[in-house]
1. Condition first: in a helix (DSSP H, G or I), among the β-branched types (Val, Ile, Thr) and either out of contact with any helix residue (DSSP H, G or I) (no Cβ under 9 Å at 6 or more places or on another chain) or under 27 Å from GLU75 (Cα atoms) (or both). Can you find one or more residues in region 130-137 that meet it?
2. Within region 149-173, which residues are of a type in the set (Gly, Ala, Ser) and at pLDDT 95 or above?
3. How many residues does region 78-129 contain that are among the hydrophobic types (A, V, I, L, M, F, W, C) and not in a helix (DSSP H, G or I)?
4. Of all residues being surrounded by fewer than 19 Cβ atoms within 10 Å (Cβ to Cβ) and touching a Lys or Arg at 6+ places or on another chain (Cβ under 8 Å) in region 32-78, which is modelled with the lowest pLDDT? Just the residue, please.
5. What are the residues in region 79-105 that are among the charged types (D, E, K, R) and surrounded by fewer than 18 Cβ atoms within 10 Å (Cβ to Cβ), if any?
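The values are calculated or read from the model by the stated rules, or taken from the named source; none is laboratory data. Note that the structure is predicted; figures quoted are calculated from it, not measured. Ideal geometry is used to build each Cβ from the backbone, glycine not excepted, and the neighbour counts take in all protein chains shown.
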Amino acid sequence: MSKKASRTALCVFIILLSGTPVFSQTSKGSLLDRGIALYGESRWREAVIELRRAGAEARDEKGRADALYWTGLAELSAGEYEAALTDMEELERIFPGYSGETVYHKGRVLYYLGRYDEAVILLREYADREGGVKKAAALYWMGECLFSLGRLEEARDLFTLITEQYPQSAKYEASAYRLALINQKKKESELLELLKWSHEESLNTVEDYRRRERSYDQALVAYQKRLAEMMKEGPASPDGEYRRQLAAAQARIAELEAMLREAGLETNETDRLQRLRELRNQAERAEDDILRSGRSGGGGGL
C-alpha cells in the first residue's frame, strides 16, 4: 500500500473510531481500552479475547454494547465473519441505533459471506446518509458486491464515481484497479463471443462438407452397384436382349458371308466381290440399328 493510501486509511479508522460513543469514554487501562488498542495494532484475535472479557464484566447494557461493537470489528478483521455477524446482530438487539457505523460494517460482513444482495441494501442506506470518504467506502463495497454478482456495468459506474469524485479516498486505487479489470473482462467476453461464433461457423462448414462427401460416396456406391449388375444381367433383361440381338446380327453376317462364298462358284470374281460388299454393308447397317436400339431403349440409364 502506498504512503498516501496508508495515511488515508488511518484517517478513515480515526473517523470511524470517533463516530462511536465509546471512543472518548473508555478509561485508560480498562479491558475495553486494551481490546481497542490490540485492534488498532492488528492483533485481532487477542483483541477479541480482551473485548469478550470486557463484555462479560460490563456493569450495564451500554458497556456490553461497547464491547460487542469492537468485538464484531475485531472478528471481521480476523476473517471470522459468522461470529462478527452474530455479535453485530446482538448489538442491534440490545442497543438499537448504537452507532450508524454498524450498518456499514455489517454490510461488509455480508459481502464476505457472499450475501451480496443484502449487503448492497445496507451499504446503500449508509452511503445515502453519509458523505466524503465514508460515502466513498460504502460505494466501493457496493461495487464489489455488484462485481461479484456479475453486474459489471453497474459496478463500473460506482468505481468510476469514486475515481472521479473521491480521489482522496482510501478506495481510490482499489476502484481504479477494479475499473481496469472490468474493462479487461469486457474485452475477453467480446473475444470469447467472437471465437464462439467463428467456431460455430467452422463446425457448420465442416458438417456441410461431410454431408456432401457422404452424399457423393453414396451416389458413387450406387453407380458402382448398378454397373456391376449390368455386367451380370441375363438374357431376360433389356440389356441382355440387346446383347442377344447383336449376337444374332453377327451370326447373320457370318451366314451371309458363307452364302457369298458359295455364290462365288457360279459368278465371276468381279460380280462376287460386288455382291459381298453389298451384303456386308447390309449387315453393318443392321448391326448399327441394333446398337442404336440398345442405347436408346436398353435397360435404363444410370
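1. Scanning region 130-137, I find at least one residue that is in a helix (DSSP H, G or I), among the β-branched types (Val, Ile, Thr) and either out of contact with any helix residue (DSSP H, G or I) (no Cβ under 9 Å at 6 or more places or on another chain) or under 27 Å from GLU75 (Cα atoms) (or both), so the answer is yes.
2. Answer for region 149-173, where residues must be of a type in the set (Gly, Ala, Ser) and at pLDDT 95 or above: just ALA155.
3. Number of matching residues: 2.
4. ALA58
5. Within region 79-105, the first condition is being among the charged types (D, E, K, R), and the residues that meet it are 80, 82, 87, 89-90, 92-93, 101.
Passing the criteria: GLU82, GLU89, GLU90, GLU92, ARG93.
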